[in-house]
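Rule-based calculations on the coordinates, nothing more; no lab input. Just so you know, these numbers come straight off a predicted model, no measurement behind them. Using ideal geometry, Cβ is built from the backbone for each residue, glycine included, and neighbour counts are taken over all protein chains shown.
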Amino acid sequence: MLVGTKIYSDNIVPSGEVIFKVKVSPEATQPQPIDVAHVTDPRLKKLERYTGKGRVVDKKSKSTHWLPGQMILVGDYFAFAWLPINLQIFFMRVPDNITAQLLTLEEDRQSLDRLMSVEAPESESSSPLTEREEVMGRMVGDEMEMEMQMEAEADAGPEAQQRELNEE
């Protein structure tokens, strides 16, 4: 049994969870390969298929459904097709060092999502701004202050600017 695990993104199933299972043993009955005409790469002329099941999670109810599917070998890549919903996703083997980096990035993304969805308690703030809105407000305020300072310097003219440089 070949088991595929999602390593990033929460599309279809949450990251870190099983996304499909495929029977790859020689004893398992497999569908006929797909014959492809008009390709020059010999690896793509006959696409082997393996029976399996793919997992989908309903985001609203959080319920899990396993649907019949097939893994299709396509050269150095493979695809899994969820047959009842006519969905196919291509996959590739990811080297271990890249997998570790992707897992770290996914954890960071999830942390940022949690931070951005948390609102500051009303007791700490006079307005119901989220932490993100407060940070963005500070950034815009700083930017406006910098623009006003630049405009004042521009209005002062080159002589005033030269005096300021000499005083420093």
Given pairs Lys23/Lys62; Lys23/Lys46; Lys23/Lys59; Lys6/Lys53 and cut-off 22 Å on Cα-Cα distance, the over-length ones are Lys23/Lys62; Lys23/Lys59
Taking amide hydrogens as modeled 1.01 Å from N in the peptide plane, which residues meet the under 5 Å criterion relative to Gly16, leaving out close sequence neighbours?
Lys6, Ile7, Tyr8
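Between Ile89 and Ile34, take the C-beta separation as r, use R0 = 22 Å, and let me know the FRET efficiency to the nearest 0.05.
It comes out at approximately 0.85.
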For the stretch 35-80, compute Rg over Rh where Rg is the Cα radius of gyration and Rh is the Kirkwood radius from the inverse mean 1/r over Cα pairs.
1.20
Suppose each label sits 7 Å from its Cα in the direction of the beta carbon; what would the His65-Glu17 distance come out to in nanometres?
1.4
Need the full-extension length gain, Val24 to Val3, defined as separation in residues times 0.36 nm minus the C-alpha distance. One decimal, nm.
6.5 nm
Roughly speaking, what % of Cα-Cα pairs in the stretch 10-126 are separated by over 18 Å, rounded to a whole number?
66
